[in-house]
Amino acid sequence: MKSIDTINGIALHYARLPQHPYGTRGIQRTFKIEEHFLEALEAALEEVFDHCPLGKPDVITTAGILVDKPGQHGHGKAFDLDAIFWQDQTLITQNFLHDKELYLGIESFLRKHFGIVLNHFYPNHQDHWHVDQSVNVDYHESSKSETLYLQMVLKYIYGKPVIIDGVSGPQTRGFTKEVFNRLNINTPITTKVNYLKFLDLTGKIAFELSKETVTPKQLLENLEAVVDNLPLDNRHQVSQALNSFLDHNETASWLGGIDHEHDLDEIIDSIIS
Ligand SMILES: [Zn+2]
């Protein structure tokens, strides 16, 4: 075991109640971590922030590394990442729906290093990523966490209208094939070299998309994504109200006048060429 309070020069902080609310920078702490896992984490974060358009952050908040519970945390071989703080920007994992491109860019590169990555849509992981190396990096259709990631990037990066439920079926397979063809990657996704290529290109494309200025239309998409993820009881009423607003003549003509299509095709061409 090693004790660390920084990683790759990034300060490691703790921000959980009672003293330090989640989503703040919290306070720097020393964490115990297993040595080989630390090397893997360093390599992963180096690759993430080499590609990330925001560069190396000042602070990462973690809910814990060595934690007295069963599984990889009990051996100091798992990391929970709550939030990332740059000088003037923040990624709080709980706010995934407002920072989808940046979030999925980071996750794509994390997945090149960790066989287990549990994200925002995985049960009990709404407010942090859990990463560990207890299994190899590859894609299995039966894996809920891997399929959630795949469906999230199909929908939020590549614009495919897939249902995000963590269960692979004909729809997920069909859209995956379309995207692999567009990216010039061999199928199937279950072959490791193809999957790694997909993670790498998707990370780069997501980061490129994250650089574009936020437009009212993207904010509206965020709102629609939030509504889609409400509990069923509330969703219907809110989405009816939202739709009446959007269908109103004046709203429609205002929105129609705003120029925005992030040019996914142009970005894909520039990355794969
Ligand atoms: Zn964890």
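Read-outs throughout are calculated quantities, based only on the coordinates presented, and are distinct from any laboratory measurement. Please read these numbers as outputs of a predicted model, since none were measured by experiment. Every residue, glycine as well, gets a Cβ built from its backbone with ideal geometry; the counts of neighbours run over all protein chains shown.
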**Request:** Counting helices only, and only those DSSP H runs with n ≥ 4, report the 222 nm mean residue ellipticity of the chain as the sum of -39,500 (n - 2.57) divided by its residues, in deg cm²/dmol to the nearest 500.
**Result:** -14000 deg cm²/dmol
**Message:** In Å and on Cα atoms, what radius of gyration and Dmax does the chain show?
**Reply:** 19.3, 63
**Request:** Let me know the whole percent of all Cα-Cα pairs from region 179-250 that are separated by more than 20 Å.
**Result:** 56
**Prompt:** With r defined as the distance between the Cβ atoms of THR251 and GLN126 and R0 fixed at 35 Å, what FRET efficiency is calculated, to the nearest 0.05?
**Reply:** 0.70
**Message:** Counting each pair of different Cα atoms once, what's the Kirkwood radius of region 143-273 in Å, rounded to one decimal?
**Reply:** 16.6
**Message:** With 10 angstrom as the radius, rank LEU242, LEU12 by how many other C-beta atoms surround their C-beta, starting from the fewest.
**Reply:** LEU242, LEU12
**Asked** Tilt of helix 170-182 relative to the longest C-alpha principal axis of the chain, in degrees (0 to 90, nearest 10)?
**Response** 90
**Principal axis dimensions, region 80-149 - Cα atoms, whole angstrom, descending** = 38, 21, 19
**Asked** In degrees from 0 to 90, rounded to the nearest 10, what is the angle of the helix 232-247 Cα long axis to the longest principal axis of the chain?
**Response** 50
**Item:** the chain - charge dipole about Cα centre, Lys and Arg +1 at Cβ, Asp and Glu -1, debye rounded to 20
**Value:** 700
**Message:** Can you give the FRET efficiency to the nearest 0.05 for VAL67 and THR187, using r as the Cβ-Cβ distance and R₀ = 45 Å?
**Reply:** 0.70
**Asked** What is the P(r) of region 1-141, as percent of Cα-Cα pairs per 5 Å bin from 0?
**Response** 2, 10, 20, 26, 23, 13, 4, 1, 0
**Message:** Compute the helix-to-body angle for 216-228: its Cα long axis versus the longest principal axis of the chain, expressed 0 to 90° and rounded to tens.
**Reply:** 70
**Message:** How would GLU46, GLU208 line up from fewest to most surrounding beta-carbon atoms within 10 angstrom?
**Reply:** GLU46, GLU208
**Request:** Give the distance, in whole Å, between the Cα centre of region 158-213 and the Cα centre of region 28-75.
**Result:** 26
**Message:** How large is the Rg to Rh ratio of region 216-257 when both quantities use alpha carbon positions and Rh follows Kirkwood?
**Reply:** 1.02
